Amino acid sequence: MTDIIDMASDREQLDRENALRAARRAAEREKLPDTGQCHYCGEETPQAFRFCDADCRDGWQREQAAKVRSGRPID
């Protein structure tokens, strides 16, 4: 008979695998080209950066999430 600790461990593993799959899918959807400008505010960025800082990155992600919730196409 499976005890509750084994069942909890199995559930934890399943949840972890689902979270990793969701994070990978989200990362694929969010691939933005490196344009040399922040995708949120338009400020110049160093090479290989898509946003000028974490605030712009977070703002862009919030906007994209709002678009998904409202059924609008994302950028």
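Suppose the chain between Arg72 and Asp6 were pulled fully straight at 0.36 nm per residue; how much longer would it get relative to their current alpha carbon spacing? Each step should come with its number before you reach the end.
Details: separation 66, 0.36 × 66 = 23.76 nm, distance 4.31 nm.
Extending this stretch completely gives an extra 19.5 nm.
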Under 5 Å, built H, 5+ apart or other chain: amide partners of Gln37: Thr45
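Gain in length, Asp53 to Arg25, computed as 0.36 nm per residue apart minus the alpha-carbon separation, to one decimal in nm? Intermediate results must be reported in sequence, preceding the final value.
Numbers: separation 28, 0.36 × 28 = 10.08 nm, distance 2.31 nm.
Gain on stretching Asp53 to Arg25: 7.8 nm.
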Label-point separation, Asn18 to Gln37 (7 Å along Cα→Cβ), nm: 4.1 nm
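Using only Cα atoms, what is the ratio of the radius of gyration of the chain to 2.2 N^0.38 Å? Write down the numbers at each step before the final one.
Working: Rg = 18.3 Å, N = 75, 2.2 N^0.38 = 11.3 Å.
Here the Cα radius of gyration is 1.61 times the empirical estimate.
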From phi via Karplus (6.51, -1.76, 1.60), per-residue ³J(HN,Hα) for the stretch 46-61 in Hz, x at Gly/Pro: x, 4, 6, 10, 9, 9, 7, 7, 5, 5, 5, 4, 5, x, 4, 5
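Calculate the dipole size of the chain relative to its Cα centre from +1 charges on Lys and Arg beta carbons and -1 charges on Asp and Glu beta carbons; express the result in debye to the nearest 20.
400 debye
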Radius, Kirkwood style, for the stretch 33-75 when every pair of distinct Cα atoms is counted (Å): 10.7 Å
Over the chain: helical MRE at 222 nm, DSSP H runs n ≥ 4 each giving -39500 (n - 2.57), nearest 500: -20000 deg cm²/dmol
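Computed from the coordinates by the stated procedures, all read-outs in this text should not be read as laboratory data. This structure is a prediction, so every number in the text was calculated from the model and none was measured. We place every Cβ from the backbone using ideal geometry, glycine too, and count neighbours over all the protein chains shown.
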